[in-house]
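Trainee: Let me give you the structure first, and then I'll get to my questions.
The values are calculated or read from the model by the stated rules, or taken from the named source; none is laboratory data. As the structure is a prediction and not an experimental result, all values here were calculated from the model. Glycine gets a Cβ as well: all are built from the backbone with ideal geometry, and neighbour counts include every protein chain shown. Heads up: the accessible areas ignore ligands, DNA and RNA and are worked out on the full protein's heavy atoms, side chains in. Shrake-Rupley method; radii C 1.70, N 1.55, O 1.52, S 1.80 Å.
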Amino acid sequence: MPEEYYRLKVNRSPPRLLWLGIGITRSDLVLYAKKHGFWPEDEDFDLNDKLMWAEVYVTKRLREVTTWKHLELRCPWSLEYPRIVGVYSSYRMLEWLLEPNHELWLLRKIRKELGLPKDRKPMWYFDQEEYDHEYLELFSRRHKEIAIEQKAQVAAAMCNITVARPEPQTDQAPMQPLRIHQPLPLNTTTTNDQPMAIVRP
């Protein structure tokens, strides 16, 4: 996947959100839900209510089976699949990235658990929710914290500048170095165009 989709930059428009996952049809979802008793038989539920109910419990079970807590059922821009079993998003890729062997095992486990054919390959899908607003808010807040920390470090460094006075010409005790406390220049800025590194929790 091109870097432009997973590397967020300050003061730049965020990229479109993608999810890595395996596409599933409505039939796949219904069959799996019925197999494990997640499909409501209550006649008061219409089809959409039943599907929403099933999605909640199917997601919960898949997380338990795979032990991957970030797994989600997502709505992709796809004419073929109304849902995908998403492993992680492009926004959180660097944060949640798995070892290649573990990722391969996880995707195979999902496909086997759902009884999907082997030719159902994992792909990156554009998500119908175009941006991860929660993550963008966290990113923005963290950037502001970093900017404040950088300014504080610059101010502290400037306040610690020591200017030595000439040695006294008398027998008096030498004077102590004079510490000059200078205010932070108004034109001090941070490097806003630099990408922010995402660190694992």
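Trainee: Over 17 Å, how big is the tail of the calculated P(r) for segment 1-118, in percent of all Cα pairs? Don't skip to the answer; put the middle values down first.
Mentor: On the way: 4132 of 6903 pairs.
Roughly 60 percent, once rounded to a whole number.
Trainee: Go ahead and run the numbers for FRET between Thr25 and Trp96, Cβ-Cβ distance against an R0 of 22 Å, rounding to 0.05. Write out the running numbers ahead of the final one.
Mentor: Numbers: r = 26 Å, r/R0 = 1.19.
Taking R0 as 22 Å, the efficiency between Thr25 and Trp96 is 0.25.
Trainee: Another question, if that's okay. How high is the FRET efficiency from Ala157 to Met1, r the C-beta distance, R0 35 Å, rounded to 0.05?
Mentor: Values: r = 39 Å, r/R0 = 1.13.
Calculated value: 0.35.
Trainee: In segment 1-144, what percent of the accessible surface is made up of carbon and sulfur (1.4 Å probe, ligands and nucleic acids excluded)? Before the final figure, lay out each step's value.
Mentor: Numbers: 4360 of 8780 Å².
Looking at segment 1-144 in its full context, I get 50 percent from C and S.
Trainee: Another question about this same structure. Determine the per residue accessible area of segment 1-96 with all protein chains present and a 1.4 angstrom probe, expressed in square angstrom.
Mentor: On the way: 5320 Å² over 96 residues.
Solvent-accessible surface per residue comes out at 55 Å².
Trainee: Multiplying the sequence separation of Glu149 and Trp53 by 0.36 nm and subtracting their Cα-Cα distance, what value in nm do you get? Write down the numbers at each step before the final one.
Mentor: Working: separation 96, 0.36 × 96 = 34.56 nm, distance 4.59 nm.
That pair, Glu149 and Trp53, stretches by 30.0 nm at full extension.
Trainee: 7 Å from Cα along Cα→Cβ at both Lys60 and Lys118: what's the point-to-point distance in nm?
Mentor: Spacing of the two 7 Å Cα→Cβ label points: 3.4 nm.
Trainee: Any of Lys69/Lys144; Lys109/Lys144; Lys9/Lys118; Lys60/Lys144; Lys9/Lys109; Lys50/Lys109 with alpha carbons more than 32 Å apart? Name them for me. Write down the numbers at each step before the final one.
Mentor: Details: Lys69/Lys144 29 Å; Lys109/Lys144 40 Å; Lys9/Lys118 38 Å; Lys60/Lys144 35 Å; Lys9/Lys109 34 Å; Lys50/Lys109 25 Å.
In this structure, Lys109/Lys144; Lys9/Lys118; Lys60/Lys144; Lys9/Lys109 exceed 32 Å between Cα atoms.
Trainee: Continuing with the same structure: Separation between the Glu129 and Arg142 pseudo-spin-labels, each 7 Å from Cα along Cα→Cβ, expressed in nm?
Mentor: Each label point is offset 7 Å from its Cα along the Cβ direction, giving 1.8 nm.
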